[in-house]
Amino acid sequence: MTQTKHRICPICEAGCGLKVSVENNHVIAIEKNSDDVFSEGHVCAKGLSLAQLHDDSDRLRHPLVRKNGELQPASWQEALDTINTKLAATIDAFGKSSVAIYAGNPTAHNFGLSQGLGVFAAMLGGSPVFSAGSVDQLPKQLACEFMFGNSSAVPVPDIERCDYLLMLGANPIVSNGSLWMVPKFRDRLRALQKRGGQLVTIDPRRTETARLADQHYPIQPGTDAWLLIALINELKVDGQQAGYLSTGWEILSRHLDDFDSEKCAAQCGISLDQILLMAQALRRAQRPVVYGRVGTTLQAFGTMTSFLIEVLNAVIGSLDMTGGAMFPDQPHAMPGGRKHGVDYNRFQTRVSGYPEVLGQMPAAAMAEEILTPGSGQIKAMVAFAGNPAVSHPDSDGIEAALGALDFLLCVDIYHNETSKYADVILPGTSPFEDSHYDSFLGSMGYRNAARYSPAILKREQPSEWHQCLHIAYMVNHQAVASTEQLKAFEDDLLAGLVSSYCADENSPLFNRDVQELMAMIEPDEGVERLLDLGIRAGRWGDHFGSAEGAKLTLKKVETHPNGIDLGLPEAARLADVVGHQNHKIDFAPEPIIADFSRLKSQLTTDGFKLIGRRRSQSNNSWLRNIPMLTGAKNHCALEVNHHDALQLNLSDGDEVVICGNDQTLQASVLISHDIASGVVSLPHGFSEDDNMRQARNQKGPNYNRLVPSSRIDVVSASAALNGVPVRIEKLQ
Ligand SMILES: Nc1nc2c(c(=O)[nH]1)N[C@H]1C(S)=C(S)[C@@H](COP(=O)(O)OP(=O)(O)OC[C@H]3O[C@@H](n4cnc5c(=O)[nH]c(N)nc54)[C@H](O)[C@@H]3O)O[C@H]1N2
Ligand SMILES: Nc1nc2c(c(=O)[nH]1)N[C@H]1C(S)=C(S)[C@@H](COP(=O)(O)OP(=O)(O)OC[C@H]3O[C@@H](n4cnc5c(=O)[nH]c(N)nc54)[C@H](O)[C@@H]3O)O[C@H]1N2
Ligand code: SF4
Ligand SMILES: [Mo]
């Protein structure tokens, strides 16, 4: 009998609702769910291809263990024994801090994995933690940490009500939104334009989004800060930022006054007249808002640029206002509270002295922390759902380091360029085998919603939450756990978590009885218990009986397979989200103020600058094996401006060598009128690795081989993967 099950697609931030037809534990069809309260029928080829992902014979279903130099299928018992022995040996010899963690991008879309790796990290104590964040969004989160004292308080455009959207370095028509859950972006843009509003894009490339914009300004890579400063200076005389409870405005203002608008214009490649027009439009709009993404974070001034975007939102009075840059909310709450200081630079990396950011070390430090001998050297690593060998700068350096580890454990659904060096690979679960709830990203939605999808197919392996729990247990006990021991471990963890809610003055569970709450949590085991707890403790939760009215529990959310709409974001949330003790926005964080001198000395250089490009059918380095997503023949072409092509005597399809970081890549040329002169663009996430069966359909040059690891945004030490100086040579 065919059953229709509801499922949220876990691949990207659009969070599309799907209707999945299942027969005998097998998916026979997938379609969009038009009744989903959040995604309203949005879907893309990737979501529709999830059955092919599930059925892919190359997707891992059993552990692999290295034996006689080869990764070979193994039983769970053998895999767990090997992990236990190797972890114990490393910890005995070098201490827990010699075991590093890498959290890849899909961990942000996988509740069980994110919570499980959190437990593992907690058991290791102060071990080095790396993540895809330092090749993605950490500069933006750090800017929010500095300004608001809360790295999760990331403002998003209120697209349903704004009337002027200034967008820098983002391409939501292809990416479907980032640090902004915004399914159906195209329709929402159309609605904005229909009500008389405008989209203005700032990007070195006339992107798929820019083509739909009312105005597009090509900018020189890495110079957004100059544009933003000119805009702020032209607008700040109005003094609107004064409406916010804040400190540091005068200090910031003095520093910004050092920048001359003419110089800013020359630096960013957008004329002063055009900048003044933009400023005028921002001034005149009723509900303007400014938004920036990967093009503004993965660059040499990532934190500064992200900071200036929110400063501009404050200057135009949009921050925390209806139709502006708002702070959405979601049902799942974590215990917390206001804190002293910011989570930044509390320690430095051992070799290069990079600052800690939100408890993490940067990608730039990974290889050298593994390869440099001495006390504190990383000897082992556990990589959850990630592929640093392709996603990090200096891929060759990363590969050398991965190969030098005493022990590498990967938890992944595929064998990838990183796990090529693994001693053990544990098979993650396919999206249909595990439940889904957007926790971290849920608070960045274009609207608030409660949505949960349970697993829809029977699992062939332990849940990822249990896999993580098991390796966390091993760190503590140096033994493989029995089922009962693992359950007891989970119970203890839950009790600890409940206690922290009960000890948090800001939680509605403050001073409640831990055992009483434990008894009320449903179900009886699994990561859903953490979810039920968080939902019930949240602002829409039942507070375990103490909230008035019919309030949320996980069970209640589950009875709404299309989700529960909780409305558009509300204004005036700053008082809730600001984490600084003084409750004020900080407009003059010291590391940003100090970075102005680096910005002033930024040179305009000749030669080509390389930037990235995402394609509709890709997702970073995975999904390369899915027949429905096979890219066009020239999916990895290097886009070259038509004038530049003429100068280099290049024609479409010509092969060129791209040189950078003492490496070379070969690519074929795609001549374009859409890319700024002096800029070339290449997709990331590919490799030429012949062993990658899972990428048999889509090979390509690995962009990140061309990026030196030292190319960073100095404040956050995050990788500056865009704007990379390269040389182009025609292959004769
Ligand atoms: N040059 C350049 N480099 C970039 C970028 C860029 O724009 N340009 N973008 C950067 C960005 S934004 C990001 S987020 C990073 C991503 O960097 P990473 O997270 O390091 O790499 P991904 O390619 O996302 O690899 C994800 C891995 O997780 C596995 N996986 C998928 N789903 C699951 C699951 O449910 N469970 C488990 N266990 N495994 C799963 C996949 O098989 C894949 O191997 O790349 C960055 N690198
Ligand atoms: N199809 C698809 N969708 C995805 C992904 C994918 O790989 N494929 N990855 C997902 C992930 S992990 C993320 S983080 C999001 C990213 O989501 P987005 O940030 O919306 O996506 P990008 O296409 O990377 O957009 C970055 C833009 O910045 C521009 N840019 C480069 N350098 C600069 C600069 O210096 N200044 C300015 N102003 N612009 C610049 C690039 O030309 C590009 O258009 O996408 C997600 N969605
Ligand atoms: S846009 Fe595509 S990949 Fe992203 S959530 Fe929706 S269906 Fe999944
Ligand atoms: Mo990302």
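The values are calculated or read from the model by the stated rules, or taken from the named source; none is laboratory data. Note that the coordinates shown come from a computational prediction; the quantities given were computed from them, not determined experimentally. Here the Cβ positions follow ideal geometry from the backbone for every residue, glycine too, while neighbour counts run over all protein chains shown. Surface areas here come from the heavy atoms of the whole protein model, side chains and all, with no ligands, DNA or RNA. Shrake-Rupley method; radii C 1.70, N 1.55, O 1.52, S 1.80 Å.
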### Query
Using a 1.4 Å probe, what is the accessible area per residue for the chain, in Å²?
36 Å²
### Task
Using a 1.4 Å probe and counting only protein heavy atoms, arrange 710, 97, 439 so the residue with the most accessible area comes first.
710, 97, 439
### Query
What list of ³J(HN,Hα) couplings, whole Hz, do you get for region 43-51 from phi and the Karplus terms 6.51, -1.76, 1.60, once you set θ to phi - 60° and write x for glycine and proline?
6, 9, 4, 5, x, 6, 9, 4, 5
### Query
Taking the alpha-carbon centroid of each part, what is the distance from region 443-515 to region 29-108 in angstrom?
18 Å
### Query
Just for the chain, what percent of DSSP beta bridges are antiparallel, to the closest 5?
50 percent
### Query
Just the accessible area for residue 272, please: 1.4 Å probe, Å², rounded to the nearest 10?
40 Å²
### Query
So, with a 1.4 angstrom probe, what is the percent of accessible area on region 391-494 that is carbon and sulfur?
48 percent
#### Entry: Prolate/oblate/rounded label for region 30-82 (Cα gyration tensor, a/c 1.5)
prolate
### Query
Per the Kirkwood treatment, what hydrodynamic radius in Å, one decimal, follows for region 91-199 from the mean inverse distance over all distinct Cα pairs?
16.8 Å
### Query
Given H placed on each backbone N at 1.01 Å, which residues far from residue 100 in sequence or on other chains put an amide H within less than 5 Å of it?
379, 380, 381, 382
### Task
Using a 1.4 Å probe and ignoring any ligands, DNA or RNA, find the accessible area of residue 674 and quote it in Å² to the nearest 10.
40 Å²
### Query
Out of every Cα-Cα pair in region 579-647, what percent are more than 17 Å apart?
70 percent
### Task
Would you mind calculating the relative contact order of region 529-604 from Cα pairs under 8 angstrom and at least 6 residues apart, reporting the percent as a whole number?
15 percent
## Note on the structure
Amide H neighbours of residue 32 at under 5 Å, excluding residues fewer than 5 places away on the same chain, with H built from the backbone geometry, are 19
### Query
In deg cm²/dmol, rounded to 500, what helix-only [θ] at 222 nm does the chain give when every DSSP H run of at least 4 residues adds -39500 (n - 2.57) and the total is split over its residues?
-9000 deg cm²/dmol
### Query
Considering only 413, 507, 291, whose Cα is most displaced toward the positive end of the charge dipole of the chain, charges sitting on Cβ of Lys, Arg (+1) and Asp, Glu (-1)?
291
### Message
Quick check on packing: order 500-510, 397-407 by the mean number of other C-beta atoms within 10 Å, highest mean leading.
### Response
397-407, 500-510
#### Entry: For the chain: relative contact order, % (alpha-carbon pairs under 8 angstrom, 6 or more apart)
20 percent
### Message
Contact order normalised by length for region 206-284, with contacts defined as Cα pairs under 8 Å and 6 or more residues apart; what percent is it?
### Response
46 percent
### Query
How big is region 529-599 on each of its three principal axes, counting only the C-alpha atoms and giving the largest first in Å?
56, 26, 26
#### Entry: Inverse mean reciprocal Cα-Cα distance (Kirkwood Rh) of region 364-522, Å
18.9 Å
### Query
Roughly speaking, to the nearest percent, how much of region 236-288's 1.4 Å accessible area is carbon and sulfur?
48 percent
### Message
In whole Hz and in residue order, list the ³J(HN,Hα) couplings for region 58-66 that follow from phi through the Karplus curve 6.51 cos²θ - 1.76 cosθ + 1.60, θ = phi - 60°; x for Gly and Pro.
### Response
7, 5, 6, 10, 10, x, 10, 10, 6
### region 282-387: equivalent-ellipsoid semi-axes (sqrt of 5 x gyration tensor eigenvalues, Cα, Å)
36, 18, 14
## Note on the structure
Rounded to the nearest 10 Å², the accessible area of residue 525 using a 1.4 Å probe with every protein chain kept is 100 Å²
### Query
With all protein chains present and a 1.4 Å probe, how do 67, 236 order by accessible area, largest first?
67, 236
### Task
Name the shape class, rounded, prolate or oblate, that the alpha-carbon gyration tensor gives for region 601-732, where a ≥ b ≥ c are the square roots of its eigenvalues, rounded holds for a/c under 1.5, and otherwise prolate holds if a/b is larger than b/c and oblate otherwise.
oblate
### Task
Run through every distinct alpha carbon pair of region 37-133 and return the Kirkwood hydrodynamic radius in angstroms, one decimal place.
16.7 Å
### Task
Pull up all non-local amide H partners of residue 611: gap of 5 or more, or a different chain, and H-to-H distance under 5 Å with H placed in the peptide plane.
680, 681, 682, 723
### Query
If one computes the Cα centroid of region 579-640 and of region 293-322, what distance in Å separates the two points?
14 Å
### Cα-based equivalent ellipsoid, the chain: semi-axes from gyration tensor eigenvalues, Å
37, 32, 26
### Message
On a straight-distance basis, which lysines could pair with residue 339 in a cross-link, Cα separation under 26 angstrom, same-chain partners fewer than 8 positions away excluded?
### Response
140, 584
### Task
Calculate what fraction, in whole %, of the accessible area of region 1-62 sits on carbon and sulfur atoms when a 1.4 Å probe is rolled over the protein chains.
46 percent
### Query
Using unit Cβ charges (K, R positive; D, E negative) and no other charged atoms, how large, in debye to the nearest 20, is the dipole of the chain about its Cα centre?
1100 debye
### Query
So how compact is region 118-169: Cα radius of gyration and Dmax in angstrom?
15.7, 49
### Query
Under a point spin-label approximation (7 Å from Cα along Cα-to-Cβ), what is the residue 513-residue 245 distance to one decimal in nm?
3.7 nm
